[in-house]
Each structure stands twice: as structure tokens, then as C-alpha cells.
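Since the structure comes first, as C-alpha cells, the remarks are kept for the end.
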Amino acid sequence: MKRDLDTWWDWRAATTTTGDEDSSISPEAALELLVQKCVVLDNLSPVSYVHTIRTALEQFGKVRGVKLVRDCQTCLFTGVAFAEMESKEQRDQVVKELKDYLLMIGQMPRPARAIPACPELMIDHPLRSFSRKVSARLVTPKNPRYAQLRETAIQENIHYAHQSALIQHRKEEELKLEKTQQRICQENIDKLKFLEGQKSSDAFKLVKQIHGGLRQ
């Protein structure tokens, strides 16, 4: 069964992710198997993509899938992602390495955090039975709580607007940083090429002799 890069989680399909795609198990069992191999990545760049995260994690082993966590209202990437590795050992290695080292994503070092996944953190777990029932109703201006509920809705919209603006600002800053690093990298490459081309010149040999004499 081929899974889409950004929508590969589907517990209700009850398909195991242990490599045997033809065997079917219960959604709860599939979730338990998947959690053992999943890692939660935090503090990722807002301009990260599924393929860049996958490429960055492939140094630790085979990556079976990556899921980006997006804002439920704006659909913007929140900087959190889930990744399914080939085995629990590879998952543990990712967690261990990212405690001490930066994660290179698209040639940019990133202080990403990694923790083992647990069922409570998964995005789309199997439906659970609740004893309470949830009902909805239309609130009119005649309702005594209308003003309070309206103010709550306004504050929620303001919160989402601020959050969207913050994510957009982070994306712009990340793009500026990426361009700056690319420029510095290119300047260093040009300097190295220039020095390599000057090795055969008389001036370079003279400087080498002077520095060699000073060291002695």
C-alpha cells in the first residue's frame, strides 16, 4: 500500500507498518507498533518540508514516513513533525544524537529537539468511547451569555491572527538566514579557489618561505 508523504497516518485502515503491508490488525495494535518507532521533532524551521526532514533523518536509518503538524485553522506548519523510523533502535538513536548535536536540514544546522512518541502525542489516534455526549446549539443575542461567548470568539480570532503573523515572521527570518549562509558559503568557496590558484605564483612561494622561516 503506497502512502502519501504528508498523509500517511491512518489508524482506522488497520494496516500494520512493520513491513508486512498485507496483514491487517486492529487500529489499537497498529498504533502501539507505530509508537515504538516514531519520534517527535520540535523546534524545526517553519520553512521545512517533508522531503527535507526525511533527508536529514536518513543518516540515522530508513525513514518510513514524515508527518507535519499544521495549525488547525491556518494550516501553517507549526515547527513540529512526527517521523517513523524503520526500527525502535533507529528511533532511539535519533533521540540520543539530537541531545548533543544539531540537525542539518537543507544545509542549515538546526537545534531541533527529539523525544520518543507516545499515544497521547499522536495526531490521529483511534476513536475512543466517551460517556459524555457533546451537543451544540445556536446562541442568539437574547441569551444572557451571548456577550461573553462573542468576546471569547473575538479573542480566539485575535489569537489565531497573532499566531499566523508570528509563523510568517519566522519564515521570513529563516529565509533571510538561509540566503546569508549561502552567500557566506559561496564567498568562502571563492576564497579557497583563489588561494588554490595562487599556489604556483612567486608571491605565494615568497610568503611561504617567510612564514616558514619565522616558525623556525
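A few points about this structure:
- Failed item, numbered, when Glu28 is tested on (1) more than 17 Å from Glu89 (Cα to Cα); (2) at pLDDT 85 or above; (3) not basic (Lys, Arg): (2)
- Options Glu156, Glu187, Glu151: the member that is under 21 Å from Phe77 (Cβ atoms) and either of a type in the set (Asp, Glu) or without any contact (Cβ under 8 Å) to a residue 24 or more places away in the chain (or both): Glu156
- Residue among Pro144, Pro126 that alone is modelled with pLDDT under 75 and either not in a helix (DSSP H, G or I) or not assigned by TED's automatic domain parsing to the domain that holds Lys37 (or both): Pro126
- Evaluation of Asp4 against the conditions (1) at pLDDT 55 or above; (2) assigned to a loop (DSSP other than H, G, I, E, B); (3) among the charged types (D, E, K, R) shows that the sole unmet condition is (1).
- Which listed residue, of Val40, Val69, is crowded, with 18+ Cβ neighbours inside 10 Å, at pLDDT 80 or above and not basic (Lys, Arg): Val40
- Among residues of the stretch 169-183, those that are without any contact (Cβ under 8 Å) to a residue 40 or more places away in the chain and closer than 11 Å to Ser45 by Cα, counted: 2
- Out of Phe77, Phe82, sole residue that is buried (at least 16 other Cβ atoms within 10 Å of the Cβ), under 20 Å from Glu178 (Cα atoms), touching a residue at least 12 places away in the same chain (Cβ under 8 Å) and not small (Gly, Ala, Ser): Phe77
- Considering the conditions (1) modelled with pLDDT of 85 or more; (2) assigned by TED's automatic domain parsing to the domain that holds Ile184, Tyr160 is excluded by exactly one of them, (1).
The values are calculated or read from the model by the stated rules, or taken from the named source; none is laboratory data. Every value quoted in this text rests on a predicted model; they were computed, and no experiment measured them. Note that we place each Cβ from the backbone using ideal geometry, even for glycine, and neighbour counts take in every protein chain shown.
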